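A quick write-up on the structure given underneath.
The values are calculated or read from the model by the stated rules, or taken from the named source; none is laboratory data. The structure presented is a predicted model; accordingly, all values stated were derived computationally and were not measured. Positions of Cβ are generated from backbone atoms using ideal geometry, with glycine treated the same way; all protein chains shown enter the neighbour counts. Remember, those area values only see protein heavy atoms, side chains included, never the ligands or the DNA or RNA. Shrake-Rupley method; radii C 1.70, N 1.55, O 1.52, S 1.80 Å.
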Amino acid sequence: MGEVFRVIGVCILFPFAVLTRYFKAFIVLILLVFVIGSMRTDIDKGANLAILELKGPILDANVWSESIQTLSKDSAIKGVLLVVDSPGGALSPSVELYEEIKRLNQKKPIVAYAEGVMASGSYYASLGVHSIYANKGALVGSIGVIFEGLDASELMAKIGIKPQVLKAGAYKEVGTFTRQWAAHEKEELDNLIQRQYQMFVQDVCQERKIPCKNYKDYAEGRIFDASSALSLGLIDSIGTKSDAKKALVRIAGIKEGEESWRGKSKNFDDYLSQVSHSLSQIFANIILRSVP
């Protein structure tokens, strides 16, 4: 029993031991993070081209909108490389990004580069650029809209849960997971999805200058390799990121050798990873020393 209390005591005192023994180290690490973060502005001074990364699921346009607005207002930046590796996401933020990126492209050229996946919402967001390059191993397309739900009524019945609902409006509970959807609810959702799908297809037709009547060839949620996407007109060229950069330099009217880039600082990210690794080592050492 005494051994149990000793272990419990170690767990309770553990945070205080960390703060006491490594307080100065924590302060130094935190200060270094802020110092290096502030240095990024100095590193970026004088840049005439920028890299904007669109990576991961698109769930909130605000994650990228601030960067787009900053680039729009910066007269020193003459062009932007949009590096995309995203499976897409929600329709509304994808449309928001499409509109904002298109407006930015009207002020300064944007070349989009499909680094890995440029599909669904991320392809939608990239439609308003000057041109689209893709890695030959990239996946492009997935032009479509989906609405997913589930029917948990049988599970709820097994565990004794019965929903109680008061509503005003025949469609107010549309998409519920507590029961099967009624026929009129399915019809309403299908109409909504079809309207959104047509909006997506229309924007693809307009921006990529390809016939809407052939939409079944390049839309319908199909995803393509880079070669197929090129033949269908979904992208403009296959190449490396370096090729996309060279194209942007030419399109932006910058003389060869005079380009300088502003973008995500991988060194800063690497540093943060090192900080995280160091902290994990500190905690591991504390545990090893405190617990027999």
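The ellipsoid that matches the Cα gyration tensor of the range 67-222 has semi-axes, each √(5λ) in whole angstrom, of 38, 18, 15, with the longest given first.
Taking amide hydrogens as placed 1.01 Å from N in the peptide plane, the amide H of residue 54 sits under 5 Å from those of 83, 84, 85, each at least 5 positions away in sequence or on another chain. Considering only alpha-carbon pairs that sit under 8 angstrom and 6 or more positions apart, the relative contact order computed for the range 55-198 is 19 percent. Taking the average, over residues, of other Cβ atoms within 10 Å as the packing measure, peptides 113-123, 184-194, 199-209 rank 113-123, 199-209, 184-194 from highest down. Summarising the overall dimensions of the range 53-131 from its C-alpha atoms, the Rg and Dmax are 11.3, 33 angstrom. Rolling a 1.4 angstrom probe over the protein heavy atoms with all chains in place gives the range 49-183 an accessible area of 51 Å² per residue. Restricted to Cα atoms, the range 173-232 shows a radius of gyration and a Dmax of 15.8, 45 angstrom.
The amide H of residue 222, built 1.01 Å from its N in the peptide plane, has 142, 143 as neighbours under 5 Å, considering only residues 5 or more places off or on other chains.
Here the Kirkwood formula, the inverse mean of 1/r across different C-alpha pairs, assigns the range 103-147 a hydrodynamic radius of 11.1 Å. Compared with the alpha-carbon gap, the fully stretched path from residue 165 to residue 241 is longer by 22.0 nm at 0.36 nm per residue.
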